[in-house]
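The values are calculated or read from the model by the stated rules, or taken from the named source; none is laboratory data. Note that the structure is a prediction, hence the values are computed from the model and not measured. We place every Cβ from the backbone using ideal geometry, glycine too, and count neighbours over all the protein chains shown. With ligands, DNA and RNA removed, areas are computed over all heavy atoms of the protein, side chains included. Shrake-Rupley method; radii C 1.70, N 1.55, O 1.52, S 1.80 Å.
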Amino acid sequence: MKFFLDSANIDEIKEIADLGLLDGVTTNPSLIAKEKAQKNFEKTIKEICKIVKGPVSAEVISTDYDGMIKEALKLSKIDKNVVIKLPMTPNGIKATNYLYKKKIKVNVTLIFSVSQAIIAAKAGAAYVSPFVGRLDDISSSGLDLISDLSEVFMNYGFHTEILVASIRNPIHLTESAKLGADVATLPYSVIMQLFNHPLTDSGITKFLNDWNKK
Ligand code: E4P
């Protein structure tokens, strides 16, 4: 399972890269705005691409087809690892298909149903991003969607990777792994939570106490 960091914060990206855990990065307009990097969007993506030697998702903000393509072609020139993130709309799907034919990778974002994921896969998306946390927020099961997607993608041998997004806790990650999801994009805080276990902490304390006994 690949780990992407869901962040546009350079310090966080460097820290997770230093741990050797970083396979890629996903950003979105909200994450870029959190870093106040809207005006330096392309520069920020370039900087991220220097740190991570894997896919870096950069999302367009246009909602019309021509605007999406214009932004996508510009972003794709930043680095060979840039993946264009497009929203799950008819224009987003039309643009996905165009970019697929140009051999530019697309991550179709804001996926909330199996039917949306099938459409994105048929259009040639390299990744689909189902948002588990936001589904849980409206009392629908995000993990049920991952289970259904794993089954459907397996049935048809789609090459599109399931990139689990909107992960809020370690259970989202471990259950997605059990279901065979290809990628998890995790906020920094959830990656750090993955390390924790009280028995690890008490075990270290006991080992050190025993070592220091006279
Ligand atoms: C995915 O690529 C999105 O950036 C992200 O996972 C959304 O997460 P949120 O629902 O916590 O905003």
For residue 214, which of the numbered conditions (1) farther than 28 Å from residue 80 by Cα; (2) at pLDDT 95 or above fails to hold? (2)
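For residues that are surrounded by fewer than 22 Cβ atoms within 10 Å (Cβ to Cβ) and within 15 Å of the ligand (Cβ to nearest atom), scanning just the range 1-12, find the one that is nearest to residue 161 (Cα to Cα).
Initially, the range 1-12 is screened for residues surrounded by fewer than 22 Cβ atoms within 10 Å (Cβ to Cβ), giving 1-3, 9-12.
Keeping just the survivors that are within 15 Å of the ligand (Cβ to nearest atom) gives 2-3, 9, 12.
On the way: 2: 11, 3: 13, 9: 25, 12: 25 Å.
Among them, the one singled out is 2.
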Could you tell me how many of the residues in the range 153-211 are of a type outside the set (S, T, N, Q), within 16 Å of residue 114 (Cα to Cα) and open to solvent by less than 20 Å² (accessible area, probe 1.4 Å)? 6
Tell me, which residue of the range 162-175 that is touching a residue at least 60 places away in the same chain (Cβ under 8 Å) and either over 23 Å from residue 27 (Cβ atoms) or in contact with a helix residue (DSSP H, G or I) (Cβ under 9 Å, 6 or more places away or on another chain) (or both) is farthest from the ligand (Cβ to nearest atom)? 167
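Test residue 37 against the stated conditions and say whether it is aliphatic (A, V, I, L, M) and without any contact (Cβ under 8 Å) to a residue 24 or more places away in the chain.
Values: aliphatic (A, V, I, L, M): yes; without any contact (Cβ under 8 Å) to a residue 24 or more places away in the chain: no.
So residue 37 does not fit the description; no.
Please enumerate the residues belonging to the range 13-34 that are within 11 Å of the ligand (Cβ to nearest atom) and not small (Gly, Ala, Ser). Even if it seems obvious, please write down each step before you answer.
First, the residues of the range 13-34 that are within 11 Å of the ligand (Cβ to nearest atom): 24-32, 34.
Of everything in the range 13-34, those that are within 11 Å of the ligand (Cβ to nearest atom) and not small (Gly, Ala, Ser) turn out to be 25, 26, 27, 28, 29, 31, 32, 34.
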Only one of 141, 150, 57 is more than 16 Å from the ligand (Cβ to nearest atom) and among the small types (Gly, Ala, Ser); which? 150
Here is a check on your reading of the model: is residue 109 in contact (Cβ under 8 Å) with a residue 60 or more places away in the chain and either more than 16 Å from residue 29 (Cα to Cα) or under 19 Å from the mean Cα position of the chain (by Cα) (or both)? yes
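Taking residue 99, is it without any contact (Cβ under 8 Å) to a residue 24 or more places away in the chain and touching a strand residue (DSSP E or B) at 6+ places or on another chain (Cβ under 9 Å)?
Values: without any contact (Cβ under 8 Å) to a residue 24 or more places away in the chain: no; touching a strand residue (DSSP E or B) at 6+ places or on another chain (Cβ under 9 Å): yes.
Taking the combined requirement at face value, the residue does not satisfy it.
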